[in-house]
Structures are given as structure tokens and as C-alpha cells.
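Below is one structure, written out as C-alpha cells, with a few remarks after it.
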Amino acid sequence: MTRRVPIIATIIVLAAVATMIALGVWQLGRMGEKADLLARYEAAASSSDEVAFPVTGDTGEAWFRPSRVVCDRVVDIEPVSGTSSKGQKGWVQRATCAVDGDQTVLVDLGYSRDIAQPEFGGGIITGVIAPGPRLVADPPVAGLQPMAKPDPGDLPNNHLAYAGQWFFFALTALIIYVLAIRRRRR
């Protein structure tokens, strides 16, 4: 006597497998999109044309481009872990600056081995727009040392690995289901 294949369980497993395969295919598409985005960031990083800092947070094509901020008032300064232009680990002093009235932007003022807050009262800061968005001061201000410049090469393009994971999950689900069906028939 042979047992029948469970219809509902089969439909659920096949739907899950189809979903995982679709997610893998989607990740493959995202891989190409991310490669294009990284290429645009690389081109922006080599540009010397200054752009307006995206105060509203809408960065568009601004990341990795030169910009400037007029810090009307320093709201806060906090140390965050960071790297100097020489590769040393330490602290980047990050200021929250009020600009255009009540809007605020983040500005990395410079690098220090000391966690102590620097004296900084605001002013014009030039630098490079980094993800966040935040402005990485170049040259550094408040007597701080230069920081590592934002590099588009630091942004990963993991989508091929993600696609591989989804395809592996789909295969694993099928194998487990086939093994369960075989065991059930015994």
C-alpha cells in the first residue's frame, strides 16, 4: 500500500521554494543596480565640482562629492570611532550643526586619539559628503587631525552572495521535503 503525497504540504513547500528562487533572482538584479551605483559614486569621488550639501537628507548623486556647510550653531559634539588619514584608529569628533534655522546636519570635524570634546563654535566647513549624509571636513577644523576620506570602495556589493543564499535555501527546502516524503512512505 502506497501513501499519497500530501497536497497542502506540497503546495506550501513549492510556494516557499518559488519565493526563495524569486528572491535569488531579484538579488541578481540588485547586484547590477548596485554595481552601477558604485560606479557613479566612484565618478563622483573623482569630481572636484562642489555641490550643495543635502540638508533635507535627499542625497541624490551627492555622496562622495565636495561640499561645504555653514555651521550657524553647534548643537552637540560627540566622539565616534574613526580612522585617521594615516590609518590609525581613534576618535572622530562629530558635530551636529544647526543650519538654516532649525535644520541640523552632521559634520565630522576631524580625528583625534583623545576622546575629549574639542573647542568648536561653528563656521564654514568644507569637505566631502559621506553616507549618512554627513560632511567629512577637509581640511579638519578645531585643531584636529585629518580623517580617512570617504571611499566608495568601502560600500559592499553583497548581492551575489545573497542570491546564492536564497538559491541554497530553496535547494535545502526541496531536499528536506523529499527526504520527509521518503521517510513517510516507509
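The values are calculated or read from the model by the stated rules, or taken from the named source; none is laboratory data. Every value quoted in this text rests on a predicted model; they were computed, and no experiment measured them. No Cβ is skipped: glycine too gets one built from the backbone with ideal geometry, and neighbour counts run over all protein chains shown. The area values use the complete protein model at the heavy-atom level, side chains included, leaving out ligands, DNA and RNA. Shrake-Rupley method; radii C 1.70, N 1.55, O 1.52, S 1.80 Å.
Do we find that T172 is open to solvent by 30 Å² or more (accessible area, probe 1.4 Å) and over 25 Å from the mean Cα position of the chain (by Cα) in this structure? Judged against the criteria, T172 is a match.
Taking segment 51-69 as the range and being among the charged types (D, E, K, R) and free of Cβ contacts under 8 Å to residues at least 40 places away in the same chain as the test, the residues that pass are D58, E61.
Against the list (1) open to solvent by less than 40 Å² (accessible area, probe 1.4 Å); (2) free of Cβ contacts under 8 Å to residues at least 24 places away in the same chain, the condition A137 fails is (2).
Annotation note: of L135, L109, the sole residue that is aliphatic (A, V, I, L, M) and either within 30 Å of G32 (Cα to Cα) or more than 28 Å from the chain's Cα centre (by Cα) (or both) is L135. Within segment 70-128, being touching a residue at least 40 places away in the same chain (Cβ under 8 Å), open to solvent by 60 Å² or more (accessible area, probe 1.4 Å) and hydroxyl-bearing (S, T, Y) holds for one residue alone: S85. Here G127, G153 are screened, and the one residue that is of a type in the set (G, A, S), assigned to a strand (DSSP E or B), farther than 30 Å from I12 by Cβ and under 26 Å from the mean Cα position of the chain (by Cα) is G127.
Scanning segment 99-118 finds one or more residues that are of a type in the set (V, I, T), over 15 Å from R134 (Cβ atoms) and out of contact with any helix residue (DSSP H, G or I) (no Cβ under 6 Å at 6 or more places or on another chain).
Tell me whether segment 146-153 contains one or more residues that are of a type outside the set (A, V, I, L, M), in contact with a strand residue (DSSP E or B) (Cβ under 8 Å, 6 or more places away or on another chain), closer than 30 Å to V92 by Cβ and buried (at least 19 other Cβ atoms within 10 Å of the Cβ).
Looking for residues that are of a type outside the set (A, V, I, L, M), in contact with a strand residue (DSSP E or B) (Cβ under 8 Å, 6 or more places away or on another chain), closer than 30 Å to V92 by Cβ and buried (at least 19 other Cβ atoms within 10 Å of the Cβ), one finds at least one in segment 146-153, hence yes.
Residues that are touching a Lys or Arg at 6+ places or on another chain (Cβ under 9 Å) and either farther than 30 Å from R186 by Cβ or touching a residue at least 24 places away in the same chain (Cβ under 8 Å) (or both) do occur in segment 25-45, at least one of them.
Do you know which residues across segment 18-69 are under 17 Å from the mean Cα position of the chain (by Cα), of a type in the set (G, A, S) and exposed (fewer than 14 other Cβ atoms within 10 Å of the Cβ)? Hits for segment 18-69 are G32, A35, A39, G57, G60.
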